[in-house]
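Bear in mind that the values in this text are calculations on the coordinates, not laboratory data. It should be emphasised that the depicted structure is a prediction, and the values quoted were computed from it without experimental measurement. Positions of Cβ are backbone-derived with ideal geometry, glycine not excepted, and every protein chain shown enters the neighbour counts.
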């Protein structure tokens with residue numbers, strides 16, 4: 001049985017990460033390393049506590065066509081100090097898009 005190799009994670013600089021964090025959905029960040037492009041696909045708050053909120057950012061690496069995700073923390077007050085995501089601490093995981101049916105509800109007249 002042939003063993004599949006893990007995909008190569010993109011090498012992100014601190015400037016790339018800042019660009020992704022401050023871009024809106026659909027925004028494209030051009031890397032300092034060889035002109036790679038990363039497109040922000042989705043940014044979503046996934047959890048919240050008393051002092052911080054957790055967010056998930058999904059982006060597409062244009063050179064490989066692969067989708068990647070990382071989670072970062074934001075302070076909820078100006079006094080809170082959180083560890084900034086950087087090229088040393090980022091934890092990238094590969095993700096893939098899929099279609100899902102969602103049931104929503106609306107008021108009956």
Residue with peak Gaussian network fluctuation, the chain [Cα springs, cutoff 10 Å], from 49, 19, 35: 49
Length released on extending from residue 56 to residue 102, taking residue separation times 0.36 nm less the Cα-Cα span: 14.6 nm
Residue exposure sequence - 25, 73 - by fewest surrounding Cβ within 10 Å: 25, 73
In the chain, how does Rg compare with the Kirkwood Rh, expressed as the Rg/Rh ratio over alpha carbon atoms? 1.06
Separation of the residue 88 and residue 18 label points, Cα + 7 Å toward Cβ, nm: 1.6
